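The values are calculated or read from the model by the stated rules, or taken from the named source; none is laboratory data. For clarity, every value in this text was computed on a predicted model and none was experimentally measured. Quick reminder, even Gly has a Cβ in these numbers, built from the backbone with ideal geometry, and neighbours come from all protein chains shown. All accessible areas refer to the heavy atoms of the entire protein, side chains included, with ligands and DNA or RNA removed. Shrake-Rupley method; radii C 1.70, N 1.55, O 1.52, S 1.80 Å.
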Amino acid sequence: MLVISCIKQVPDTTQVKIDPVTNTLIRDGIPFIINPYDSHALEESLRLKDRYNMRTVALSMGPPNTVATLRKACALGVDEAILLSDRCFGGADTLATSKVLSAAIERLDRQEQVGIVFCGKQTIDGDTAQVGPGIASRLGFSQLTLVDRIESIDFLHKTIRVRRKLEGRHEIVEAPLPVMITVVRELNRPRYPTVPMRIESQETEIKVWDNSVLELDVETVGLKGSPTWVSKIFSPERDQGEIIGDGIADPVGTANLLIDRLLGKDLLAV
Ligand SMILES: Cc1cc2nc3c(=O)[nH]c(=O)nc-3n(C[C@H](O)[C@H](O)[C@H](O)COP(=O)(O)OP(=O)(O)OC[C@H]3O[C@@H](n4cnc5c(N)ncnc54)[C@H](O)[C@@H]3O)c2cc1C
């Protein structure tokens, strides 16, 4: 049974620049990383490999330079890494992104049955948490989100039991395989690549599937296939901060000043 982890390449900085014309990220010259939640998705797939000898695939949709991010997954021990890259996939919103990822998962499933698809809870750039559920609904997979523990997998009855992290409580849920799971940070502590595996990964072949492989209608992917597009991205204007009093020299006086100021702005009730 195959375990897939969907990993997105994201900017390793908050100093991203936006192209004022296309409203998309200017990717040149900025460092990229594996989306933090996806490192936990990847780690859990490797733990299932270690425990049940399941074959693991890391899947990413992105521009050609995403190969470098997938190579990091190879250095951690995934059996296969596949980049979904084609100009027609560019500018995709979450609907179009889940379309491409689902088509690739379906293609892999025809070769070897897919049991689990791991996604991160959300990305640190788009931040919508929509792609995982989009993949599950397109493929008719069970959908378990916000998972912080895998309780058990019953390969005979093809079911999985997990714990979900909700606000102030947990819930234990069981669902039939195949399943799409979105993970939170508490699920595990990602491993580090060993030096030999890092060196070996430099030689690992990373497959690149363009649309001639997935054969998707170009009107349904990328910017053309995106019902939503980011009309404007900008940093919110912040009021200039103000330093009140001197908390070191006169903590009590400063606290009183602050209270008066908050009372004056109706931000504090007495
Ligand atoms: C600032 C900004 C705002 C945006 N706002 C929107 C918006 O409001 N609506 C919209 O539809 N699109 C939006 N986008 C585009 C959106 O980022 C892309 O559609 C993206 O491919 C998927 O959405 P996401 O980043 O929100 O992913 P999420 O849904 O948050 O990602 C969840 C998980 O899905 C997997 N995943 C997501 N993208 C990929 C990928 N390319 N390859 C492999 N796995 C992946 C990862 O496991 C990830 O952890 C925005 C992009 C930016 C940069």
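If R0 equals 30 Å, the separation of the Cβ atoms of residue 87 and residue 151 corresponds to a calculated FRET efficiency of about 0.10.
As a check on your grasp of the helix formula, calculate [θ] at 222 nm for the chain: sum -39500 (n - 2.57) over DSSP H runs of n ≥ 4, divide by the residue count, round to the nearest 500.
Working: 7 runs with 79 residues, N = 270.
That calculation yields -9000 deg cm²/dmol at 222 nm.
Computed packing ranks the peptides 178-190, 237-249 as 178-190, 237-249, most packed first, by mean other Cβ atoms within 10 Å.
Accessible area per residue for the chain, computed on protein heavy atoms with a 1.4 Å probe, is 57 Å².
Heavy atoms only, probe 1.4 Å: what % of the accessible area of the stretch 190-270 goes to carbon and sulfur, would you let me know? Roughly 58 percent of what the probe reaches on the stretch 190-270 is carbon or sulfur. Projecting the Cα atoms of 52, 258, 248 onto the charge dipole of the chain (Cβ charges, centred on the Cα centre) puts 52 farthest toward the positive pole. Enclosing the Cα atoms of the chain in their convex hull gives a volume equal to 200 cubic angstrom per residue.
Look at where the Cα atoms of the stretch 49-97 and of the stretch 129-171 average out, and the two centres are 21 Å apart.
Using +1 on the beta carbon of Lys and Arg, -1 on that of Asp and Glu, and nothing else charged, what's the dipole of the chain about the Cα centre, debye to 20? Here the chain has a charge dipole of around 600 debye. Label-to-label distance for residue 217 and residue 110 is 1.8 nm, based on points extended 7 Å past Cα in the beta-carbon direction. One decimal place: the segment residue 266-residue 158 gains 33.1 nm when fully extended, by the rule 0.36 nm per residue minus the C-alpha distance. Protection proxy ranking of 137-150, 96-109, by the mean of other Cβ atoms within 10 Å over each peptide's residues and highest first, is 96-109, 137-150.
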